[in-house]
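The values are calculated or read from the model by the stated rules, or taken from the named source; none is laboratory data. Because the structure is a prediction, the values reported are computed rather than measured. In this analysis, Cβ positions are derived from the backbone assuming ideal geometry, glycine residues included, and neighbour counts consider all displayed protein chains.
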Amino acid sequence: MNPHPPIRRSPIAGAWYSDNPHILRNEIKAYIDAATPPALPGEVTGLIAPHAGYFYSGATAGHAYRCVKGRAFDVCVVFSPLHDYLPSQLLTSSHLAYATPLGEVPINQRLVEQCSANIAKATGEILQPIANDREHSLEIQLPFLQVALSAPFSLVPIMVRSQDPALLTAAAAAIAPALKEQNALLVASTDLSHFYTQSEAIQLDTSMLQQISAFSPEGVLRAERCGEGFACGAGAVALMLWTEKELGATRVTLLHHSTSADSSGDASRVVGYGALAVTR
(Lines give C-alpha, C1' and ligand atoms only; values in the text may rest on other atoms or scores of the structure.)
Protein backbone atom coordinates (compact mmCIF):
# COMPACT_ATOMS: atom_id res chain seq x y z
CA MET A 1 0.00 0.00 0.00
CA ASN A 2 1.36 3.41 -0.98
CA PRO A 3 1.51 5.53 2.23
CA HIS A 4 1.56 8.76 0.22
CA PRO A 5 -1.24 10.36 -1.81
CA PRO A 6 -1.24 8.49 -5.11
CA ILE A 7 -1.28 11.68 -7.19
CA ARG A 8 1.37 14.36 -6.97
CA ARG A 9 -0.53 17.63 -7.18
CA SER A 10 1.23 20.56 -8.83
CA PRO A 11 2.83 23.03 -6.42
CA ILE A 12 3.63 25.49 -9.24
CA ALA A 13 0.52 25.69 -11.44
CA GLY A 14 -0.85 29.20 -11.22
CA ALA A 15 2.62 30.64 -10.64
CA TRP A 16 5.17 29.17 -13.05
CA TYR A 17 2.48 28.50 -15.64
CA SER A 18 -1.28 29.01 -15.91
CA ASP A 19 -3.58 26.84 -13.84
CA ASN A 20 -6.36 27.37 -16.40
CA PRO A 21 -6.34 24.35 -18.77
CA HIS A 22 -7.68 26.30 -21.77
CA ILE A 23 -5.22 29.17 -21.36
CA LEU A 24 -2.33 26.81 -20.66
CA ARG A 25 -2.96 24.64 -23.71
CA ASN A 26 -3.27 27.66 -25.98
CA GLU A 27 -0.11 29.27 -24.62
CA ILE A 28 1.92 26.10 -25.14
CA LYS A 29 0.49 25.61 -28.64
CA ALA A 30 1.48 29.19 -29.46
CA TYR A 31 5.06 28.62 -28.25
CA ILE A 32 5.36 25.40 -30.27
CA ASP A 33 3.75 26.80 -33.42
CA ALA A 34 5.94 29.93 -33.35
CA ALA A 35 9.16 27.90 -33.13
CA THR A 36 11.36 27.54 -36.20
CA PRO A 37 13.96 24.90 -35.38
CA PRO A 38 16.55 23.94 -38.02
CA ALA A 39 16.31 20.78 -40.10
CA LEU A 40 17.52 17.77 -38.13
CA PRO A 41 19.81 14.98 -39.38
CA GLY A 42 17.77 12.03 -38.10
CA GLU A 43 14.99 10.78 -35.87
CA VAL A 44 14.54 12.73 -32.64
CA THR A 45 14.98 10.51 -29.58
CA GLY A 46 15.74 13.14 -26.96
CA LEU A 47 15.27 16.79 -26.05
CA ILE A 48 16.98 19.25 -23.75
CA ALA A 49 14.68 22.05 -22.63
CA PRO A 50 14.66 24.83 -20.01
CA HIS A 51 12.60 24.93 -16.84
CA ALA A 52 11.92 28.54 -15.89
CA GLY A 53 8.42 29.96 -15.75
CA TYR A 54 6.87 29.87 -19.20
CA PHE A 55 6.89 33.69 -19.46
CA TYR A 56 10.69 33.51 -19.48
CA SER A 57 11.60 30.21 -21.15
CA GLY A 58 8.43 29.07 -22.94
CA ALA A 59 9.58 30.33 -26.35
CA THR A 60 12.85 28.40 -26.12
CA ALA A 61 11.09 25.27 -24.83
CA GLY A 62 8.73 25.56 -27.80
CA HIS A 63 11.68 25.01 -30.15
CA ALA A 64 12.47 21.71 -28.44
CA TYR A 65 8.91 20.43 -28.41
CA ARG A 66 8.23 21.52 -31.98
CA CYS A 67 10.61 18.69 -32.96
CA VAL A 68 8.22 16.05 -31.56
CA LYS A 69 4.91 17.77 -32.37
CA GLY A 70 2.32 15.18 -33.37
CA ARG A 71 4.50 12.19 -32.49
CA ALA A 72 3.55 9.47 -30.02
CA PHE A 73 5.78 7.82 -27.43
CA ASP A 74 4.79 5.10 -24.99
CA VAL A 75 7.05 6.46 -22.28
CA CYS A 76 8.87 9.72 -21.58
CA VAL A 77 11.93 9.63 -19.34
CA VAL A 78 12.46 13.07 -17.82
CA PHE A 79 15.85 13.73 -16.23
CA SER A 80 15.95 16.80 -14.01
CA PRO A 81 17.99 18.27 -11.20
CA LEU A 82 16.71 18.35 -7.64
CA HIS A 83 17.03 21.86 -6.27
CA ASP A 84 16.28 20.84 -2.66
CA TYR A 85 18.96 19.06 -0.67
CA LEU A 86 18.56 15.33 -0.12
CA PRO A 87 21.46 12.95 0.45
CA SER A 88 20.55 10.53 -2.36
CA GLN A 89 22.30 10.93 -5.69
CA LEU A 90 19.48 9.67 -7.94
CA LEU A 91 15.81 10.00 -7.05
CA THR A 92 12.34 9.31 -8.40
CA SER A 93 8.75 9.88 -7.31
CA SER A 94 6.91 7.57 -4.94
CA HIS A 95 3.57 8.74 -6.34
CA LEU A 96 1.61 6.91 -9.02
CA ALA A 97 1.06 9.94 -11.26
CA TYR A 98 1.81 13.64 -11.71
CA ALA A 99 -1.17 15.97 -12.06
CA THR A 100 -1.08 19.12 -14.20
CA PRO A 101 -4.00 21.34 -15.23
CA LEU A 102 -4.09 19.28 -18.46
CA GLY A 103 -4.63 15.95 -16.69
CA GLU A 104 -2.70 13.19 -14.98
CA VAL A 105 0.50 11.60 -16.27
CA PRO A 106 0.89 8.05 -14.90
CA ILE A 107 4.30 6.93 -13.69
CA ASN A 108 5.50 3.73 -15.32
CA GLN A 109 6.11 1.81 -12.12
CA ARG A 110 7.50 -1.25 -13.89
CA LEU A 111 10.17 0.73 -15.73
CA VAL A 112 11.06 2.79 -12.66
CA GLU A 113 11.57 -0.38 -10.67
CA GLN A 114 13.57 -2.00 -13.46
CA CYS A 115 15.82 1.05 -13.85
CA SER A 116 16.32 1.25 -10.09
CA ALA A 117 17.21 -2.44 -9.81
CA ASN A 118 19.65 -2.18 -12.73
CA ILE A 119 21.29 0.92 -11.21
CA ALA A 120 21.56 -0.77 -7.81
CA LYS A 121 23.24 -3.79 -9.35
CA ALA A 122 25.72 -1.61 -11.25
CA THR A 123 26.47 1.11 -8.70
CA GLY A 124 25.00 0.30 -5.30
CA GLU A 125 22.74 3.35 -5.62
CA ILE A 126 18.99 3.20 -6.21
CA LEU A 127 16.42 5.59 -7.58
CA GLN A 128 15.38 6.87 -4.15
CA PRO A 129 11.59 7.40 -4.08
CA ILE A 130 10.41 10.72 -2.62
CA ALA A 131 6.92 12.09 -2.04
CA ASN A 132 5.34 15.53 -2.13
CA ASP A 133 8.43 17.13 -3.63
CA ARG A 134 8.28 20.71 -4.88
CA GLU A 135 10.74 20.16 -7.73
CA HIS A 136 9.64 22.42 -10.57
CA SER A 137 12.20 21.40 -13.17
CA LEU A 138 10.72 17.96 -13.84
CA GLU A 139 7.04 18.89 -13.64
CA ILE A 140 7.39 21.91 -15.91
CA GLN A 141 8.20 19.68 -18.89
CA LEU A 142 4.94 17.73 -18.56
CA PRO A 143 2.41 20.23 -19.96
CA PHE A 144 4.62 20.72 -23.03
CA LEU A 145 4.68 16.94 -23.52
CA GLN A 146 0.91 16.75 -23.00
CA VAL A 147 0.33 19.33 -25.74
CA ALA A 148 3.06 18.35 -28.21
CA LEU A 149 2.52 14.59 -28.29
CA SER A 150 -0.43 13.06 -30.10
CA ALA A 151 -1.24 10.36 -27.54
CA PRO A 152 -1.04 9.77 -23.78
CA PHE A 153 2.26 8.54 -22.38
CA SER A 154 3.66 7.15 -19.16
CA LEU A 155 6.48 8.78 -17.24
CA VAL A 156 9.80 7.72 -15.75
CA PRO A 157 10.91 10.63 -13.52
CA ILE A 158 14.61 10.70 -12.63
CA MET A 159 15.99 13.51 -10.48
CA VAL A 160 19.78 13.78 -10.52
CA ARG A 161 21.94 15.30 -7.79
CA SER A 162 25.20 13.59 -8.74
CA GLN A 163 27.78 15.13 -11.04
CA ASP A 164 30.15 12.15 -10.68
CA PRO A 165 31.09 10.87 -14.15
CA ALA A 166 31.74 7.33 -12.91
CA LEU A 167 28.32 7.05 -11.26
CA LEU A 168 26.48 8.67 -14.16
CA THR A 169 28.11 6.56 -16.88
CA ALA A 170 27.36 3.39 -14.92
CA ALA A 171 23.78 4.55 -14.31
CA ALA A 172 23.30 5.28 -18.01
CA ALA A 173 24.55 1.81 -18.93
CA ALA A 174 22.05 0.41 -16.40
CA ILE A 175 19.08 2.50 -17.56
CA ALA A 176 19.51 1.89 -21.30
CA PRO A 177 18.68 -1.86 -21.31
CA ALA A 178 15.33 -1.11 -19.67
CA LEU A 179 14.51 1.28 -22.53
CA LYS A 180 15.86 -0.63 -25.54
CA GLU A 181 12.52 -2.21 -26.42
CA GLN A 182 10.48 0.89 -25.52
CA ASN A 183 9.16 3.62 -27.78
CA ALA A 184 10.74 6.21 -25.49
CA LEU A 185 11.53 9.91 -25.57
CA LEU A 186 14.26 11.15 -23.25
CA VAL A 187 14.07 14.73 -21.94
CA ALA A 188 16.71 16.56 -19.91
CA SER A 189 15.59 19.64 -18.01
CA THR A 190 18.10 22.43 -17.41
CA ASP A 191 18.58 26.16 -17.41
CA LEU A 192 21.98 27.65 -18.16
CA SER A 193 23.91 30.46 -16.43
CA HIS A 194 22.26 32.37 -13.62
CA PHE A 195 22.44 36.06 -12.70
CA TYR A 196 25.27 37.27 -14.91
CA THR A 197 24.99 40.26 -17.23
CA GLN A 198 23.62 39.56 -20.70
CA SER A 199 27.07 39.70 -22.32
CA GLU A 200 28.61 37.44 -19.67
CA ALA A 201 25.70 34.99 -19.92
CA ILE A 202 26.06 34.70 -23.69
CA GLN A 203 29.74 33.83 -23.31
CA LEU A 204 29.11 31.26 -20.56
CA ASP A 205 26.08 29.74 -22.27
CA THR A 206 27.91 29.46 -25.58
CA SER A 207 30.62 27.44 -23.87
CA MET A 208 28.13 25.07 -22.23
CA LEU A 209 26.02 24.72 -25.37
CA GLN A 210 29.14 23.83 -27.35
CA GLN A 211 29.77 20.90 -25.01
CA ILE A 212 26.18 19.70 -25.24
CA SER A 213 26.12 20.13 -29.03
CA ALA A 214 29.35 18.14 -29.25
CA PHE A 215 27.49 15.26 -27.54
CA SER A 216 30.06 15.42 -24.74
CA PRO A 217 28.54 14.61 -21.35
CA GLU A 218 32.01 14.62 -19.84
CA GLY A 219 32.52 18.10 -21.34
CA VAL A 220 29.27 19.30 -19.78
CA LEU A 221 30.44 18.22 -16.33
CA ARG A 222 33.93 19.63 -16.89
CA ALA A 223 32.60 23.02 -18.02
CA GLU A 224 30.40 23.19 -14.91
CA ARG A 225 33.25 22.13 -12.65
CA CYS A 226 35.74 24.59 -14.15
CA GLY A 227 33.33 27.52 -14.38
CA GLU A 228 33.57 27.73 -18.17
CA GLY A 229 29.78 27.44 -18.45
CA PHE A 230 26.90 26.58 -16.20
CA ALA A 231 23.81 24.37 -16.24
CA CYS A 232 21.82 23.77 -13.06
CA GLY A 233 20.88 20.41 -14.56
CA ALA A 234 24.41 19.46 -15.62
CA GLY A 235 24.14 16.03 -14.00
CA ALA A 236 20.73 15.42 -15.56
CA VAL A 237 21.98 16.46 -19.00
CA ALA A 238 25.08 14.27 -18.69
CA LEU A 239 23.07 11.23 -17.58
CA MET A 240 20.59 11.73 -20.42
CA LEU A 241 23.37 12.12 -23.02
CA TRP A 242 25.21 9.02 -21.80
CA THR A 243 21.94 7.07 -21.89
CA GLU A 244 21.29 8.30 -25.44
CA LYS A 245 24.76 7.14 -26.47
CA GLU A 246 23.98 3.70 -25.04
CA LEU A 247 20.77 3.65 -27.10
CA GLY A 248 22.53 4.52 -30.35
CA ALA A 249 21.99 8.26 -30.73
CA THR A 250 24.65 10.03 -32.78
CA ARG A 251 24.01 13.81 -32.89
CA VAL A 252 22.92 16.76 -30.77
CA THR A 253 21.64 19.88 -32.52
CA LEU A 254 21.25 23.32 -30.97
CA LEU A 255 17.77 24.66 -31.71
CA HIS A 256 17.51 27.92 -29.78
CA HIS A 257 19.17 30.04 -27.11
CA SER A 258 17.69 32.95 -25.17
CA THR A 259 17.95 34.69 -21.84
CA SER A 260 15.42 36.13 -19.44
CA ALA A 261 16.28 39.58 -20.82
CA ASP A 262 14.38 38.68 -23.99
CA SER A 263 11.18 38.64 -21.92
CA SER A 264 11.93 41.00 -19.04
CA GLY A 265 14.05 43.60 -20.80
CA ASP A 266 16.51 43.55 -17.88
CA ALA A 267 19.98 42.67 -19.20
CA SER A 268 21.80 43.35 -15.93
CA ARG A 269 21.07 39.99 -14.28
CA VAL A 270 19.82 37.23 -16.54
CA VAL A 271 19.21 33.48 -16.72
CA GLY A 272 20.12 31.54 -19.86
CA TYR A 273 17.94 28.99 -21.66
CA GLY A 274 18.76 26.48 -24.38
CA ALA A 275 16.83 23.99 -26.49
CA LEU A 276 18.54 21.06 -28.19
CA ALA A 277 17.50 17.84 -29.92
CA VAL A 278 19.21 14.43 -29.86
CA THR A 279 18.93 12.30 -33.00
CA ARG A 280 19.98 8.96 -34.37
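Just one of the listed residues (A267, A249) is more than 19 Å from L138 (Cα to Cα), in contact with a strand residue (DSSP E or B) (Cβ under 6 Å, 6 or more places away or on another chain) and in a loop (DSSP other than H, G, I, E, B), and it is A249. Of the numbered criteria (1) at pLDDT 95 or above; (2) part of a loop (DSSP other than H, G, I, E, B); (3) surrounded by 13 or more Cβ atoms within 10 Å (Cβ to Cβ); (4) not hydroxyl-bearing (S, T, Y), the one I32 fails is (2). Return the residue satisfying two criteria in turn: it lies in the stretch 100-145 and is under 20 Å from the mean Cα position of the chain (by Cα) and β-branched (V, I, T), and of such residues it is nearest to T169 (Cα to Cα). By that ranking, first place goes to I119. Scanning the stretch 200-230 for residues that are over 20 Å from L47 (Cα atoms), without any contact (Cβ under 8 Å) to a residue 12 or more places away in the chain, in contact with a helix residue (DSSP H, G or I) (Cβ under 9 Å, 6 or more places away or on another chain) and assigned to a helix (DSSP H, G or I) yields one hit, R222. For the condition closer than 17 Å to A188 by Cα and aliphatic (A, V, I, L, M), I119 does not qualify. Restricting the stretch 73-99 to residues that are touching a Pro at 6+ places or on another chain (Cβ under 8 Å), not aliphatic (A, V, I, L, M) and not in a strand (DSSP E or B), the residue that is surrounded by the most Cβ atoms within 10 Å (Cβ to Cβ) is H95.
For a quick check of your reading: which helices (runs of 4 or more DSSP H) sit entirely within the stretch 106-168 and have at least 1 residues that are modelled with pLDDT of 95 or more, closer than 25 Å to G219 by Cβ and touching a helix residue (DSSP H, G or I) at 6+ places or on another chain (Cβ under 9 Å)? Show your work before the answer.
Values: elements: 109-123, 136-139, 142-148.
In the stretch 106-168, the matching helices (runs of 4 or more DSSP H) lie at 109-123, 136-139.
Considering A131, A151, A184, A170, the condition of being closer than 27 Å to R225 by Cβ and in contact (Cβ under 8 Å) with a residue 24 or more places away in the chain is satisfied by A170 alone. Residues in the stretch 186-216 that are under 24 Å from L247 (Cβ atoms) and out of contact with any Lys or Arg (no Cβ under 8 Å at 6 or more places or on another chain): L186, V187, A188, S189, T190, M208, L209, Q210, I212, S213, A214, S216. Among residues of the stretch 7-19 that are touching a residue at least 24 places away in the same chain (Cβ under 8 Å), those with a Cβ under 6 angstrom from a residue that is aromatic (F, W, Y) and not in a loop (DSSP other than H, G, I, E, B), sequence gap 6+ or separate chain, pair up as R8/Y98; Y17/Y54.
Quick one: in the stretch 231-240, which of the residues that are touching an Asp or Glu at 6+ places or on another chain (Cβ under 9 Å) and assigned to a helix (DSSP H, G or I) is farthest from A166 (Cα to Cα)? Give the derivation first.
Step one: filter the stretch 231-240 for residues touching an Asp or Glu at 6+ places or on another chain (Cβ under 9 Å), giving 231-235, 238.
After this cut, where a residue has to be assigned to a helix (DSSP H, G or I) as well, the list is 234-235, 238.
Details: A234: 14, G235: 12, A238: 11 Å.
Restricting to residues being touching an Asp or Glu at 6+ places or on another chain (Cβ under 9 Å) and assigned to a helix (DSSP H, G or I), the top hit is A234.
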